[in-house]
Amino acid sequence: MKVYSIIIFFYLFITFSFAQEQNYTHYHKEINKAEELFFVQQKTDSALYYYDKVFKTYDFIFLKDLINAAQIAVYTKKPYKKYIEKGFEQGLKISHLQNYPLFNDYYKKNKDSKTLQKVYKEARKNYLKKIDFEYLDLIYKLAIKDQLNKHKSKNQSKYRDQVYNITERIKDSVIKRGFPGDRVIGISDSTIFKEIGKPHLDLYDQRKKYKKLSYMVSGEKYLNAKHPIVIFIHNPCSYFLYKDMFIEEIKKGNMHPREVAILHDNIYGYYGNIPSCKGMKKNAAYFVHPFISYSKKMDKVVAEKMREELFIVPMIVDAKKKLYEKEHGFKLFSGFWGCR
């Protein structure tokens with residue numbers, strides 16, 4: 001009886017521990033520690049310790065975290081190839097590396113390497129197996145419908161009703177399948193369906209019959225699932241309508257906290273025509289939107305508290321990261337509009 005009780009105890013302990021580890025609020029807190037340790041405190045070994053700890057613990061990793069860890073390692077002359085190779089498991093392509101100045105030497109030396117190609121192809125197979133292609137196809141179709149509605153609607157009120165209907169449609173899918181973020185539908189990729197023998201379902205093939213949508217691109221440079229965020233951006237009150245759902249999806253690793261934050265801050269992008277959203281607090285912001293001018297009345301103390309509650313680094317960390325981009329050739333922000 002005692003042996004049986006011990007077995008049950010260890011089973012419950014392991015199950016509970018795994019559940020705790022896979023709560024992505026802890027993931028983001030650990031990544032935040034790593035960023036603060038390096039960019040603010042200049043403690044490279046401690047920062048990479050936290051990155052490695054997270055990468056070993058979680059089964060899904062946001063690609064930007066691997067890319068940032070790799071850049072830190074390259075810059076400080078630490079082992080970095082492991083981060084790049086792990087990035088292949090999360091959708092990174094060898095061609096993506098040429099977009100990062102700190103990887104220039106590595107890319108030039110290895111882009112045609114048979115050894116690297118072999119590692120990439122094996123990781124790519126595993127990555128493709130994890131993608132919900134049926135869901136991705138739905139998102140493409142809804143994104144195209146949203147853009148067509150935007151062109152056809154003669155007034156903003158009608159368009160907002162239309163985009164609300166689309167976000168409600170996605171909400172229904174989120175309940176069944178999770179938020180359509182990187183973990184579920186993969187990062188933006190113009191030829192992802194071609195790789196599984198269905199090129200006609202790739203975004204460019206689906207929207208090419210609409211000449212007015214020629215501007216609509218996959219957005220591979222963002223290294224995230226772009227189109228779901230664009231749709232929710234178009235619904236000005238999406239943050240306030242779906243915040244509870246977003247928080248749950250953050251915990252599951254299906255959505256990034258800073259994507260939720262930009263949905264909030266984007267409301268100030270409507271300038272003098274700021275929509276009235278239930279639950280909106282005046283002059284409150286996360287300060288993650290790169291294209292709007294925040295009011296000087298906005299309280300930075302409140303902003304820091306909001307960021308902490310949504311598992312986002314303090315603003316000083318973002319400021320230091322931007323400095324590293326300017327002075328040392330880093331490229332540290334990804335996601336739609338660089339929100340991550």
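The values are calculated or read from the model by the stated rules, or taken from the named source; none is laboratory data. Small disclaimer: the values here were computed from a predicted structure and weren't measured. Ideal geometry is used to build each Cβ from the backbone, glycine not excepted, and the neighbour counts take in all protein chains shown.
Filtering the range 80-94 to residues that are surrounded by fewer than 24 Cβ atoms within 10 Å (Cβ to Cβ) and within 20 Å of Lys33 (Cα to Cα) leaves only Tyr80. Pairs linking a residue in the range 292-311 that is over 22 Å from Asn32 (Cβ atoms) to a residue that is surrounded by fewer than 12 Cβ atoms within 10 Å (Cβ to Cβ), with Cβ atoms under 6 Å and 6 or more positions apart or on different chains, do not occur. Pairs are defined by a Cβ separation below 6 Å, a sequence spacing of at least 6 or placement on different chains, a first member in the range 168-182 that is in the same structural domain as Ile229 (by TED's automatic domain parsing) and surrounded by 15 or more Cβ atoms within 10 Å (Cβ to Cβ), and a second member that is of a type in the set (S, T, N, Q) and not in a helix (DSSP H, G or I); the pairs so defined are Gly178/Asn254; Phe179/Asn254; Gly181/Asn254; Asp182/Asn224.
A count restricted to the range 31-68 and to residues that are crowded, with 21+ Cβ neighbours inside 10 Å and part of a loop (DSSP other than H, G, I, E, B) stands at 2. A residue that is of a type in the set (Lys, Arg) and modelled with pLDDT of 95 or more cannot be found anywhere in the range 2-24. Touching a Leu at 6+ places or on another chain (Cβ under 9 Å), at pLDDT 95 or above and charged (D, E, K, R): which single residue out of Lys212, Lys198, Lys129, Lys171 fits that description? Within the list Lys212, Lys198, Lys129, Lys171, the selection yields Lys171. Residues that are part of a helix (DSSP H, G or I) and polar (S, T, N, Q) within the range 117-176 comprise Gln117, Asn126, Gln147, Asn149, Gln156, Ser157, Gln162, Asn165, Thr167, Ser173, listed in sequence order.
For the range 83-100, a residue qualifies if it is under 20 Å from Tyr51 (Cβ atoms) and either in contact with a strand residue (DSSP E or B) (Cβ under 9 Å, 6 or more places away or on another chain) or assigned to a helix (DSSP H, G or I) (or both), and the qualifying residues are Tyr83, Ile84, Glu85, Lys86, Gly87, Phe88, His96, Leu97. Can you confirm whether Asp205 is among the acidic types (Asp, Glu), touching a residue at least 40 places away in the same chain (Cβ under 8 Å) and surrounded by 15 or more Cβ atoms within 10 Å (Cβ to Cβ)? Against the criterion (among the acidic types (Asp, Glu), touching a residue at least 40 places away in the same chain (Cβ under 8 Å) and surrounded by 15 or more Cβ atoms within 10 Å (Cβ to Cβ)), Asp205 does not qualify.
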